[in-house]
Amino acid sequence: MPPNFKGAVDERFPGCMKGRTMYVIPYSMGPIGSPLSKIGIQLTDSAYVVASMRIMTRMGTAALRTLGDGEFVKCLHSVGRPLPLEDELVNNWPCNPEKTLIAHVPERREIVSFGSGYGGNSLLGKKCFALRIASCIAKDEGWLAEHMLILGLTNPEGKKKYVAAAFPSACGKTNLAMMNPTLPGWRVECVGDDIAWMKFDSDGRLRAINPENGFFGVAPGTSTRTNPNAMHTIQRNTIFTNVAETSEGGVYWEGIDQMIPAGVTISTWQGKPWKPGDAGPAAHPNSRFCAPARQCPIMDPDWESPKGVPIDAIILGGRRPAGVPLVYEAFNWRHGVFVGSAMRSESTAAAEHKGKVIMHDPFAMRPFFGYNFGRYLEHWLSMEGHKGVRLPKIFHVNWFRKDAAGNFLWPGFGENSRVLDWIFRRVDGEESAKETPIGYIPKDGALDLTGLSKVNYQELFSLPKEFWEQEVREVRQYLTEQVNEDLPKEVMKELEALEARVKKM
Ligand SMILES: [Mn+2]
């Protein structure tokens, strides 16, 4: 812990809630009473936080009863704006940007958050607890706390498997978690859309729970076309943050794909008049819906099962416009851990003029690691050493490859069920793969493309040598610079093996 930490806390907190109500929130991450669940208690001076935590966690007396005299994660939050206000609020948000402090003390199981009302900084059960603190607890206790969705997948014969999947932001994670498959007879059911806590049970099966109780999703781009199940979920009991508002009291955002009825006007997230065609977005690009999971029409019957659901496959992915095929399967667990360490995704750079860049985001955990990334990789590798465990197969997908003209090569959304179908069959041991230098891909005809006319299969799965040479160089540079001497030698060996295979392409 930095020596000035106590000083920084003491400078901010005394008197910071003056004039406001302090709330005490006992809550459970995970179903109440599940051996995989954990309890937290948050203090906050924000009613917005209380209302949102009530949706996102199991809050109240039941959590307190389950806690008894047990251990809990201590969460302290203040917006940092005592009343009466000394200066005017910006955009109606009580916050204190000059003094914002978000700190985690894993060894004391403690979170301190000052000056921000932003979801990730103020709903402390979510990223702060369920990923950063929990990843440390998981390391100590031999399990995994991951930035992954969980879904149940049922084939036309009624056989069911569960998969967990990690994607960086802007890859359609919530859409995949709530997908309506286009492949006839298939069914997807949702266990969670953001976080998975996973632990091997006494039979050696990896069991996962969703520690959350709701969805805190990005609103823009959500529509009845892209995610009808999410649209159904947010019809009631939902908190919208920084979306635009209609004169009828409804909500509006970019990509909502709804006609604005005659006579209805729209005000932006900042309360200014707006009409289609106006400059600037109506809703903030990171505006959110916060809705109870139980309102999702395709929640899995076992989504609250205390023992969790058995995970057969782990899917990793990214937004890769070039070079990375639609799907490939890792050769084995160790190779899969390497694939996770090398995950990259296209994102909009923070500085507007830089445009789009391919960012490294290992396991989609880059902002959420609670401890040293090298140790994290070691922890993943160590799963192989657990006696009698059935390790899930690891896959990598890319829904976002483009052709030379900049058009997507794959239709995505419900059509992604075709990829899930192949993954399902691979997990069942079907001989439907062929080996390539980067992993196994579907052998010719193994991916069901029935009814899809315009897919350029060759281009979708092509592996340009120059691209992969460059990729290896960039991954090596990243791992060397970022992890350095903490990089497990097994991961470096996987990189070198990939380099050698690419050389022979
Ligand atoms: Mn997330």
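The values are calculated or read from the model by the stated rules, or taken from the named source; none is laboratory data. Predicted, not measured: the structure shown is a model, and the values here were computed from it. Please note: Cβ atoms are built from the backbone with ideal geometry, for glycine as well, and neighbour counts cover all protein chains shown. Side chains are part of the model used for accessible areas, which takes the heavy atoms of the whole protein and leaves out ligands, DNA and RNA. Shrake-Rupley method; radii C 1.70, N 1.55, O 1.52, S 1.80 Å.
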inquiry  = Being open to solvent by 10 Å² or more (accessible area, probe 1.4 Å) and closer than 27 Å to GLY40 by Cβ is the filter here; which residues of segment 144-167 pass it?
reply    = HIS147, TYR162
task = Test each condition in (1) on the phi < 0 side of the Ramachandran plot; (2) at pLDDT below 95 for GLY451 and report the one that comes out false.
result = (1)
request  = Output yes when any residue across segment 83-93 is away from the ligand (no atom under 16 Å from the Cβ), open to solvent by 20 Å² or more (accessible area, probe 1.4 Å), at pLDDT 95 or above and outside any loop (DSSP other than H, G, I, E, B), and no when none is.
outcome  = no
Enumerated helices (runs of 4 or more DSSP H) restricted to segment 119-234, each holding at least 3 residues that are within 16 Å of the ligand (Cβ to nearest atom), within 20 Å of GLU415 (Cα to Cα) and assigned by the TED database to the domain that holds TRP410 = 173-177
ask   = Do any residues in segment 101-129 that are of a type in the set (D, E, K, R) have Cβ atoms under 6 Å from those of residues that are in a strand (DSSP E or B) and surrounded by 23 or more Cβ atoms within 10 Å (Cβ to Cβ), where the two are at least six apart or on different chains, and which pairs are they?
value = ARG109/VAL73
request  = Mind counting the residues in segment 370-388 that are free of Cβ contacts under 8 Å to residues at least 60 places away in the same chain and either touching a helix residue (DSSP H, G or I) at 6+ places or on another chain (Cβ under 7 Å) or open to solvent by less than 30 Å² (accessible area, probe 1.4 Å) (or both)?
outcome  = 1
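Taking HIS379, is it closer than 25 Å to GLU212 by Cβ, away from the ligand (no atom under 16 Å from the Cβ) and in a helix (DSSP H, G or I)?
yes
Just to be sure, is THR222 under 19 Å from the mean Cα position of the chain (by Cα), open to solvent by less than 30 Å² (accessible area, probe 1.4 Å) and more than 24 Å from PRO367 (Cβ to Cβ)?
The answer is no for THR222.
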ask   = Here are some residues: ASN213, ASN242. Which one is open to solvent by 40 Å² or more (accessible area, probe 1.4 Å), touching a residue at least 24 places away in the same chain (Cβ under 8 Å) and within 21 Å of the chain's Cα centre (by Cα)?
value = ASN242
ask   = Failed condition for GLU415, given (1) assigned to a helix (DSSP H, G or I); (2) touching a strand residue (DSSP E or B) at 6+ places or on another chain (Cβ under 6 Å), with all others met?
value = (2)
ask   = How many residues does segment 475-494 contain that are surrounded by fewer than 20 Cβ atoms within 10 Å (Cβ to Cβ) and either in a helix (DSSP H, G or I) or out of contact with any helix residue (DSSP H, G or I) (no Cβ under 9 Å at 6 or more places or on another chain) (or both)?
value = 13
request  = Could you grab me the full set of residues in segment 81-100 that are among the charged types (D, E, K, R) and within 19 Å of SER113 (Cβ to Cβ)?
outcome  = ARG81, GLU98, LYS99
request  = For VAL49, state whether it is modelled with pLDDT of 95 or more and touching a helix residue (DSSP H, G or I) at 6+ places or on another chain (Cβ under 9 Å).
outcome  = yes
query = Taking segment 42-67, which residues are open to solvent by less than 30 Å² (accessible area, probe 1.4 Å) and in a strand (DSSP E or B)?
reply = GLN42, THR44, ARG58
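Just to check your reading of the model, which residue among LEU460, LEU391 is under 24 Å from ALA342 (Cβ atoms), under 24 Å from the mean Cα position of the chain (by Cα) and surrounded by 13 or more Cβ atoms within 10 Å (Cβ to Cβ)? Before the answer, list the steps.
Numbers: LEU460 fails: under 24 Å from the mean Cα position of the chain (by Cα).
Residue meeting the stated conditions: LEU391.
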ask   = Out of all the residues in segment 225-239, which are open to solvent by 20 Å² or more (accessible area, probe 1.4 Å) and touching a Cys at 6+ places or on another chain (Cβ under 9 Å)?
value = HIS232, THR238, ILE239
